[in-house]
Every structure is written in structure tokens, then in C-alpha cells.
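Every read-out reported here was derived from the displayed coordinates using simple, explicitly stated rules and does not represent laboratory data. Not measured: the values here are computed from a predicted model. Don't worry about glycine lacking a Cβ; one is built from the backbone with ideal geometry, like all the others, and counts go over all protein chains shown.
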Amino acid sequence: MTPAARVEAAILILDRIIAGSPAEPALIAWARASRFAGSGDRAAVRDLVFDSLRRRRSRALLGGAPPGAETGRALMIGMCRETGQDPDTLFTGQGHAPAPLTLGEAAPPPPVPDDPAIDLPDWIAARLSDDLGPDFPAVAAALRDRAPVWLRVNTARMTPQAAIAALEADGVQATPAPDLSTALRVTAGERRVAASAAYRDGLVELQDLSPQIACAALDAAPGTRVLDYCAGGGGKALALAARGAQVTAHDADPARMRDLPARAARARTPVGIASPAGPKGGFDLVVTDVPCTGSGTWRRTPDAKWRITQADLDRLVAVQQEILEQAARHVRPGGQLAYMTCSLLTAENGAQVARFARMHPEFRPVRSQTLTPLTASDGFFHAVLARD
């Protein structure tokens, strides 16, 4: 595909997303209908789509579309102007290129406000401004850019230094995080990770730095009985099992864990799966990484920030409260309850912990931390409460 044809494909996909389709299904539908597109084309189109979703409002304004009237075409025109490329070189109407610019599109756009919050929904920007205080402008700016790729070294089988060497042999360059050597930031060859021997053999796992920091802070010495109550794909369960903890994974939707047994076998870190009837008995540590808005991960899923509503937030807050109530029943006396979200919103984070502690005086808050792109990688909240 030519660069212009890739832009035309991105326009079609963005229009579907703006109409309400989540990004991944829209991309998959295009790929299935475009068998001529090679892996490089698919990756390039994906980048065009996601980069523009991160900057949806500002690029649409640069493309001549007012707020609320965004189109894929305006986003791609705005992309050209933002990156210093003449749109006329791509919008030629020749072959599979998008049609030439109209007179209105060719006219200079109005000035775009120099405010990174423009690329957040207004109601979210207002809440995050209150919750993050003076950090908000810098965090809002960071959410407009692509997130880095992080790996977790499976320390049950390999040292960080050996993992770096193994990855390099397959064309992937990585460096350890300054304060967590088992977390490796990929600096080159990101798209080669999945094909690398280190990844295929379970020596490294894809996991962002922020949840790695949260897991590393947990009291999970060898032999600790851990219940991962909202296991999902099992990244945290695997991280804790690699430290020698006896981990049982549970999820309200067991289908989310379908790949976990194979991943655990590949990593050679045993993880038990709770009965469909639910986990039984008490545990030393219960981890709850609850469903949330995902506001801390909007660099990776930028379409989600444009779909979230106040009603969605209210529903998620209620779900989080119910999960805390359920998970707390499995914490033995003297044990700990860990609460985690990939959100930056206080309503999902500190406010939830404070509410739970008020209602359950037998649980005592021990520590909490909010991570942002300024201090780690994804936005992430983690807290620990001890049961007396």
C-alpha cells in the first residue's frame, strides 16, 4: 500500500470508530476485508488510527472540523498539518488515495488551543484536573502520546541481564527500569517481541511498569497463599507465582482466564484455577485488580476515553464496591487485601479505599500510591489494607 492508500484506510476505520465501533473490531474488520494489506501495512494503518484517536479533537480542529463534528478525513488532514506534511501530497484522488481537499478543507484552520486537555472529554478533564492538581496538564499531555512497551522478567527462570541478552539476539533491545530491574523497557524492535524466543518460552511477559511496581510492593514471599480475585489474563498471578507464592486465580468470567494455564506452563510458574463455584477458605493475600474506566491506559486504548460516560463511571464504582465486599471475605485474620485499578480518577481509587475502611473497621489501610506517566508508565492505583 502507498502512504496515501494507508491514509484512506485510516479514514474509513476512523469513521467507523467515530460512529460508535470500538477500535479493535473496526481494525479487524478492515484487515479481513483487505487481504492485500501486508503486516507492515496493517501496522502502519493501526498507528495512524491510534495516534489520531489520542489527539482526536486537536487534529480534527486542524483538519477544519469543529468539536462534535469530527470525521476520519478531518483527522487525517489534521495529522498532516500537525506533522508538517502538505495534505495535498496524500489527498490526490489518484489510485487508492483520498479525494483532493475541497476549498473549505484547504483553507487555513482556526488556531488550536494550546491546552492538552482538549484531547480529553470535557467532563473527564474537569475531574482529572481536580484529582491530579498541578500534575494534570503534564499528565494530559502524556496521554496524547504512545505508551512504551514494558516486559517483566520471569525471575523464576532467568536474570534480567540474561533476558536482555536473549531479547537482543532476536532483534529486541531493552533496558531495565531504574528502580525495578526486573521491568524492561523495550527501546527498539517492539513488534518483534511476540516472535522472540524469550517471549515464546515464557522467560519474559508483556506487562506495563506500573502494575509491575504494584506487584513488587506486595508481601508475597515464597509460600504465601495468594488469591488473585480478578485475574483476567493472569499477568499479576504469574508475577506473584514467579516469586514463589502459592497463587490461586479467580475471575467472575472464567473465559478471561482461558489462556492462563498455558501461560503458566510456558513460564513454569504454577498457578491454580479456582473452582467455577468460587474460591474457598482464607488467604494470606487477596489481590483485586477491579474493572474500571481504564483512564490510566488511554494511551493504549484511546477510543475508550471518547465512549466513557458519567453513567459508566457510576456503574463501575458500584461494581468495585461489590468486588471489595466479596474479596474481603477471603482474607484470613492477619492477612492483607490489595486493591488496584488502572485508573487516575479518585472516585475509583482513594475514595473507594476510604469508603471500604469506614465500613470495615477490621481492615486498616497500610499504604497507597497513585502512579502516572510522570512517575512510572500507565496511570495505576494500588493500596493495601491489613485485616486485624
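Summary table below
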| quantity | calculated |
| --- | --- |
| Max mean-square fluctuation residue, GNM over the chain, Cα-Cα springs under 10 Å, options PRO110, PRO261, PRO121 | PRO110 |
| At 0.692 mPa s and 37 °C, Stokes diffusion of the range 209-301 via Kirkwood alpha-carbon radius, µm² per second | 242 |
| Environment charge at GLU205 (Cβ cut-off 10 Å; Lys +1, Arg +1, Asp -1, Glu -1) | +3 |
| Sites matching chymotrypsin sites (Phe, Trp or Tyr not before Pro) across the range 6-66 that sit in DSSP coil, with at most 16 neighbouring C-beta atoms within 10 Å | PHE36 |
| Electrostatic dipole magnitude of the chain [Cβ: Lys, Arg +1; Asp, Glu -1; Cα centre; debye, to 20] | 1040 |
| Label corresponding to Rg/Rh (Cα atoms, Kirkwood Rh) when calculated from the structure given, among (i) 0.97; (ii) 1.00; (iii) 0.95 | (ii) |
| Mean ellipticity per residue at 222 nm, deg cm²/dmol - from DSSP H runs of n ≥ 4 across the chain, formula -39500 (n - 2.57) | -11500 deg cm²/dmol |
| Among beta bridges that DSSP assigns inside the chain, antiparallel share in %, nearest 5 | 60 |
| Sorted by Cβ neighbour density within 10 Å, fewest at the top, the residues SER275, SER210, SER34 | SER275, SER34, SER210 |
| Amide N of the range 49-73 lying under 18 Å from the label point, which is placed 7 angstrom from the Cα of GLU24 along Cα→Cβ | 49-51, 53-54 |
| In nm, spacing of pseudo-spin labels at GLN369 and GLN173 (7 Å Cα→C-beta vector) | 2.9 |
| Computed E for SER34/ALA311 - FRET, C-beta separation, R0 30 angstrom, nearest 0.05 | 0.25 |
| Efficiency of FRET from Cβ geometry, ARG329 and ASP47, R₀ 56 Å, rounded to 0.05 | 0.80 |
